[in-house]
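Asker: Questions regarding the structure given below will be posed in turn.
Bear in mind that the values in this text are calculations on the coordinates, not laboratory data. Being a predicted model, the structure only gives us computed values, none of them experimental. Cβ placement follows ideal geometry from the backbone for every residue including glycine, while neighbour counts extend to all protein chains displayed.
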Amino acid sequence: MLGAINMKTIRWGIIGVGDVTEVKSGPPLYKCDNSALVAVMRRSGDKAKDYAERHNVPRWYDNGDDLIHDDDVDVVYVATPTHAHKSYVIQAAQAGKHVYCEKPMGVTYADCQEMIDACDRAGVSLWVAYYRRAMPRYEKVKSLIEDGTLGEILMVSIEHFRPTRITADTPQSALSWHHAPELLGGGNVLDVSCHTIDLLQHYFGDIISVTGKAGNRAGIYRSADTMTATFEFASGVVGTGAWNFTAGVHHEVITIVGTQGEIRFSVFSPRPMILTTSDGVETIESDYPQHVHQPLIESIIAELNGQGMCPSTGTSGAQTTRILDKLFAEYRESL
């Protein structure tokens, strides 16, 4: 009988301990087996110190370079706004550290390629926080696709509409960085749609052709509020997508249609998935985990211990940004 595998503890440092790290991504770094969160950084030293004390993290910094060069850090998690990803990823790679980067990976595809090249030169790994690729809920959808339950997959459609609480009278100072197109490359529509586009490429392969456009229809804020797309995946599956974030309703559903049925589900809600086949309609319950990054982080820990591979890499993350570059090209030229 084989003995137990001796797994090493992976030591993490976070650059940018903002809201996303409070529940979604930070706690798994110290709750997962064989994992420890040893350092955090935020430009406001008081806020970094507060985070460290609340999460029992040994060290905090107000300078990213200091965290990157902390000898006890094995993996640097870059959790800053998107426009700062490239510089921190390259710095971490040059220091010989593996990198886990928030999504979207970069403001542009060219930025992503610079990040990949820097990690390749340094011989370190680069992963991107498209955490739905590892969540059991979405792996269930993948299994239904792959086991033939839906038959041959023909097409997929995306519908995502949501209201906004922002008005024309909201001062610019009250808006988040998500609504600054130069910091994100497009605004909130890009920040949200990238999750769906990435997940569907996980299911059907890279998007090999895409047409569509993003724009600002309501004029409430500067960034894009609308996007449409038609696309084809390497597998031959075709699809359409429509997003509007100043709508009068909240509606979000993905529909995957095959020759023997369809499945409808949400990418941003834990509501039940609806599977329809010749056998009838089945409701599939599958909740989100409390810490949505945890399954993906577990896959990184396993990979660093030689026990598997993380499904979300720099290469796949860059591919998603490449598609968004095409959809946002005309909009960016208009800014």
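Asker: What are the extents of the Cα atoms of the range 136-288 along their three principal axes, listed from largest to smallest and rounded to whole Å?
Answerer: Extents along the principal axes, in whole Å: 53, 32, 23.
Asker: Longest segment of the chain with no GluC sites (Glu not before Pro) in a DSSP loop having at most 12 other Cβ atoms within 10 Å?
Answerer: Counting only loop sites that pass the neighbour cut-off, the longest clear stretch is 1-151.
Asker: Hey, quick one: spin label on residue 305, modelled 7 Å out along Cα-Cβ, who in the range 11-34 has an amide N within reach, i.e. under 15 Å?
Answerer: 11-12, 29-34
Asker: Compute the label zone of residue 49 within the range 7-31: residues whose backbone N is under 11 Å from the point 7 Å along Cα-to-Cβ.
Answerer: Label zone hits: none.
Asker: How many angstrom lie between the Cα centre of the range 120-163 and the Cα centre of the range 11-59?
Answerer: Centre-to-centre (Cα) distance: 27 Å.
Asker: Could you give the alpha-carbon Rg of the range 74-129 over 2.2 N^0.38 Å, rounded to two decimals?
Answerer: So the Cα radius of gyration is 0.94 times the expected 2.2 N^0.38 Å.
Asker: Tell me, what ³J(HN,Hα) does each residue in the range 281-295 have, in order and in whole Hz, if you take phi through Karplus 6.51 cos²θ - 1.76 cosθ + 1.60 with θ = phi - 60° and put x for Gly and Pro?
Answerer: Running phi through 6.51 cos²θ - 1.76 cosθ + 1.60 with θ = phi - 60° gives 10, 10, 9, 10, 7, 6, 7, 6, x, 4, 10, 5, 6, 4, x Hz.
Asker: Moving on to the next point. Cα gyration tensor of the range 95-154, axes a ≥ b ≥ c as square roots of the eigenvalues: rounded (a/c below 1.5), prolate (a/b > b/c) or oblate?
Answerer: Here the range 95-154 falls in the prolate category.
Asker: Continuing with this model, one more query. What ³J(HN,Hα) values, in whole Hz, does the Karplus curve 6.51 cos²θ - 1.76 cosθ + 1.60 give for the range 43-51 when θ = phi - 60°, with x put for Gly and Pro?
Answerer: Going residue by residue, I get 4, 7, x, 4, 6, 5, 5, 4, 4 Hz, with x marking Gly and Pro.
Asker: For residue 260, list long-range residues whose amide hydrogen, built 1.01 Å from N in the peptide plane, is under 5 Å from its own amide hydrogen.
Answerer: When sequence neighbours closer than 5 places are left aside, the close amide H contacts are 151, 152.
Asker: What spacing in nm lies between the two simple spin-label points modelled at residue 290 and residue 170, each 7 Å away from Cα in the Cβ direction?
Answerer: Label-label distance for residue 290 and residue 170, simple model: 3.1 nm.
Asker: Still on this structure, please answer the following. At 222 nm, what helix-only mean residue ellipticity would the chain give, in deg cm²/dmol to the nearest 500, using -39500 (n - 2.57) for each DSSP H run of four or more?
Answerer: Rounded to the nearest 500, it is -9500 deg cm²/dmol.
Asker: Given the options 140, 86, 213, state which has the largest fluctuation in a GNM of the chain using a 10 Å cut-off (strictly under) for Cα springs.
Answerer: Residue with maximal mean-square fluctuation among 140, 86, 213: 140.
Asker: Let me ask another. Identify all lysines with a Cα-Cα distance to residue 140 below 29 Å; exclude those on the same chain that are fewer than 8 residues away in sequence.
Answerer: The qualifying lysines are 24, 31, 103.
Asker: Ok, one more. Given 10 °C and 1.306 mPa s, compute D for the range 10-129 with the Stokes-Einstein relation, Rh being the Kirkwood radius over Cα pairs; round to the nearest whole µm²/s.
Answerer: 114
Asker: Now a separate question. For the range 111-126, take each phi angle, set θ = phi - 60°, evaluate the Karplus expression 6.51 cos²θ - 1.76 cosθ + 1.60, and give the result in whole Hz per residue in order, putting x for glycine and proline.
Answerer: 4, 4, 5, 4, 5, 4, 4, 5, 5, 5, 4, 7, x, 10, 8, 10
Asker: When a/c reaches 1.5 or more, the comparison of a/b and b/c decides; with that in mind, is the chain rounded, prolate or oblate per its Cα gyration tensor?
Answerer: In terms of gyration-tensor shape, oblate.
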